[in-house]
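Beneath this line is the structure, given in structure tokens, with notes to follow.
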Amino acid sequence: MIDKFLMAYRSIRERRARSILTVLGIVVGIAAIVSLMSVGYGMEEAITGELTAMADLISVMPGKITGATYVELGGFTDRDVKDLQRIGGIKDISAMTYDAVEVEYRNKRAPIFVFGGDTKELEGFYVEPVGLKEGRWLRENDYKGCVIGDRVANDFFDEVIQVNDKLIINGEKFIVVGVFEKASTLYAADVDPHIFLTLRASKEVLQTDEVKYIMVRVYDIDEAEEIAEEIMEVINDNHGLDDFATAMTMGSMIELMGDIFNIIRGVLVGIAAIALIVASIGIMNTMLMSVMERTHEIGVMKAIGAKSRDVLSLFLLESSMVSLVGGVLGCGLGVIVAKGLSFVASMASGLEIEAIVKPEVILGGIAVAMIVGVLSGFYPARKASKMSPVEAVRYG
Amino acid sequence: MIRTENLTKVYRMGEVEVQALRDVNLEIQDGEFIAIIGPSGSGKSTLLNMIGCLDKPTSGAVLIDDINTGKLSENELAEIRREKIGFIFQQFNLIHTLNALENVALPIFFAGVRREKRLKRAEEQLVKVGLEDRIYHKPSEMSGGEQQRVAIARALSNDPEIVIGDEPTGNVDTEAGNAIMDILEGLNREGRTIIVVTHDADIAARAGRTKRMRDGKVLD
Ligand SMILES: Nc1ncnc2c1ncn2[C@@H]1O[C@H](COP(=O)(O)OP(=O)(O)OP(=O)(O)O)[C@@H](O)[C@H]1O
Ligand SMILES: [Mg+2]
């Protein structure tokens, strides 16, 4: 047995260029599969991880979500908020309001969404994950202070807004006390284009008592779905409508994301499969060439007494050694590429994506390499081993 | 004993048929040294390939020790080539990735003999053809004459009764050719049957019997 390995090794080494090409083909195909899948898992983990950190949250909105669109049906009242406080299992409730109003800065005007709520709650939701670039967060008695998102500060007006600059929001003067960092993808839509005020100031500026958004934090994540149901019932009762309120747990959002991730992963695997098919054709080609090249050698072996089986097993051993090396190197390269890709993806998305290399992906990658290599070596080797010795010896 | 009965080989290439052998009847006794001569294309190689079980006749039969080789399976033919016959080619046909010792050991390897025993036997054969100081040389590192002696050692590695050479001296100079013939004569003295094809009258003269071929027929 050792001798067979030795012989296979010798002839692989002898045909160095051809062997390197074959190995390269396998490496590229396997690396594509391993890296794409690892990055896919990493992306999934990054996003569900961020969502899971907020798993004790229920978002309550006065409207309906159908498919991807949200239709607002009105606002909540103070009575709604009070009634929610009587539901068991709720840790705290934060009422928020928002609306688009005209904002003026150095004689330029723009319509901007203004957000108001309990400063402590908003701090937990937005300041902790996103962070402030300048200044400080709002205090409960900051009736004339505001904190602005990155796009408000940099994009919406001709001039960049900084801490201590003055804004006129719906006719009232406010001082900028803090500016947010640019938010990651997950928070960008909620933070970057908004101005944040205390609840009291926002009610005044927006001239409304209505609450547009309620965040509920529960004690026990397992009860979240039940509590969400109860919240909807209570509010719908108050308004005398059947589906006025939508209460969504983070859990159900994660499930929604799960479906999206299956699709993304499917696409990634599809791309990897195409890469592998292209690589397989290359491998088959080089195997075919290398066997053809050696038809003469096969003829000689048969002439001195080798059985077809002996010849076949030598060639299969050779192609499986090549495939194994290709598979292992491909997995190695795949891991490196995955790290690179996830770094690029992190930069592009603002999420912290770390490639996740699963052992089953590595094992699968090596197995696929072996199967492709051995199968593509099998056909030409079998054909050559079946030739008559004279015919094969004449060759070349 | 080797006997051919109406041995015929026809090569078909599209419309054209080439009669390489026509009803050849030949008997070679055990321990004989026979030389086959004849013009190019007369069918000498074709005849040797049939006797050496490297190819199958179109009709007729080759009998080795009264066994009709046409009735044997592929694996049984491989076994005959391995154990009973040693074949020497004009082009040496060594495996160039293997050194002299490994080339000689290859037929013993296919016979499934263990490594130490196999290498010992291979080395003995190389000593016998006078190549004890070329054991680890690759074919590319040896002269034509040396390569042909390695090929002879390889042909002898499973101790065959019959040694067949298709112009074994055709690609080496006169001196090396004589050395090869000396070895073949020695093998014949050991009792082996030797069959060689040659173009060289001096070499044919060293055989016990000479047969001439023309147009696929063996002349009397
Ligand atoms: N594989 C083949 N396909 C077609 N024709 C063949 C084949 N092998 C041999 N022939 C033909 O059969 C005839 C006999 O060939 P063979 O090789 O036996 O001649 P030879 O006596 O050995 O000649 P040389 O002295 O040149 O080696 C030739 O006409 C040759 O062209
Ligand atoms: Mg010939």
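A compact table of results
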item	result
Filter result (open to solvent by 30 Å² or more (accessible area, probe 1.4 Å) and touching a residue at least 40 places away in the same chain (Cβ under 8 Å)) within the stretch B:20-30	B:ARG22, B:ASP23, B:ASN25, B:GLN29, B:ASP30
Count - residues of the stretch A:372-393 that are in contact (Cβ under 8 Å) with a residue 12 or more places away in the chain and either of a type in the set (A, V, I, L, M) or not assigned by TED's automatic domain parsing to the domain that holds A:GLY282 (or both)	8
Qualifying residue in the stretch B:138-145 (condition: out of contact with any Gly (no Cβ under 8 Å at 6 or more places or on another chain), open to solvent by less than 40 Å² (accessible area, probe 1.4 Å) and assigned to a loop (DSSP other than H, G, I, E, B))	yes
Which listed residue, of B:ALA122, B:ALA78, is open to solvent by less than 10 Å² (accessible area, probe 1.4 Å) and more than 8 Å from chain A (Cβ to nearest Cβ)	B:ALA122
Selection from the stretch B:186-214 of residues that are part of a helix (DSSP H, G or I), away from ligand 1 (no atom under 16 Å from the Cβ) and more than 13 Å from B:GLU32 (Cβ to Cβ)	B:GLY186, B:ASP202, B:ALA205
Of the criteria (1) touching a Phe, Trp or Tyr at 6+ places or on another chain (Cβ under 8 Å); (2) hydrophobic (A, V, I, L, M, F, W, C); (3) modelled with pLDDT under 85, which one A:ILE283 fails	(1)
Within the stretch B:193-202, considering residues that are more than 16 Å from ligand 2 (Cβ to nearest atom) and open to solvent by less than 30 Å² (accessible area, probe 1.4 Å), the one nearest to B:ARG214 (Cα to Cα)	B:ILE194
Selected residue (criterion: farthest from the chain's Cα centre (by Cα)) from residues of the stretch A:240-251 that are loosely packed, with under 15 Cβ neighbours inside 10 Å and in contact (Cβ under 8 Å) with a residue 12 or more places away in the chain	A:LEU241
Tally of residues being on the phi > 0 side of the Ramachandran plot and aromatic (Phe, Trp, Tyr) across the stretch B:105-159	0
Condition broken by B:GLU17, with the remaining ones in (1) without any contact (Cβ under 8 Å) to a residue 12 or more places away in the chain; (2) within 9 Å of ligand 1 (Cβ to nearest atom); (3) more than 14 Å from chain A (Cβ to nearest Cβ) satisfied	(2)
Cβ-Cβ under 9 Å pairs, at least 6 apart or on other chains, the stretch B:1-14 side within 9 Å of ligand 1 (Cβ to nearest atom), far side basic (Lys, Arg) and not in a strand (DSSP E or B)	B:LYS9/B:LYS56
Filter pass, A:THR208 being in contact (Cβ under 8 Å) with a residue 12 or more places away in the chain and open to solvent by 60 Å² or more (accessible area, probe 1.4 Å)	no
Residue within the stretch B:50-70 that is of a type outside the set (A, V, I, L, M, F, W, C), surrounded by 15 or more Cβ atoms within 10 Å (Cβ to Cβ) and within 11 Å of ligand 1 (Cβ to nearest atom) present	yes
Helices (runs of 4 or more DSSP H) wholly inside the stretch A:286-396 containing at least 3 residues that are away from chain B (no Cβ under 13 Å) and either open to solvent by 10 Å² or more (accessible area, probe 1.4 Å) or under 22 Å from A:LEU6 (Cα atoms) (or both)	A:308-349, A:359-385
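Conditions (1) open to solvent by less than 30 Å² (accessible area, probe 1.4 Å); (2) more than 14 Å from chain A (Cβ to nearest Cβ); (3) in contact with a strand residue (DSSP E or B) (Cβ under 7 Å, 6 or more places away or on another chain), marked per residue:
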residue	(1), (2), (3)
B:PHE110	yes, no, no
B:ARG114	no, no, no
B:LYS117	no, no, no
B:GLU132	no, yes, no
B:TYR136	no, no, no
B:ARG154	yes, no, no
B:ASP159	no, no, no
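Conditions (1) within 17 Å of the chain's Cα centre (by Cα); (2) within 16 Å of ligand 2 (Cβ to nearest atom); (3) assigned to a loop (DSSP other than H, G, I, E, B), marked per residue:
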position: B:GLY130; (1), (2), (3): no, no, yes
position: B:VAL150; (1), (2), (3): yes, no, no
position: B:ALA155; (1), (2), (3): yes, no, no
position: B:ASP159; (1), (2), (3): yes, no, yes
position: B:ILE164; (1), (2), (3): yes, yes, no
position: B:ALA176; (1), (2), (3): no, no, no
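The values are calculated or read from the model by the stated rules, or taken from the named source; none is laboratory data. Everything quoted here is computed from the prediction, not taken from an experiment. When we count neighbours, we look across all protein chains shown, and the Cβ atoms used for this are built from the backbone with ideal geometry, even at glycine. SASA here: full protein model, heavy atoms, side chains in, ligands and nucleic acids out. Shrake-Rupley method; radii C 1.70, N 1.55, O 1.52, S 1.80 Å.
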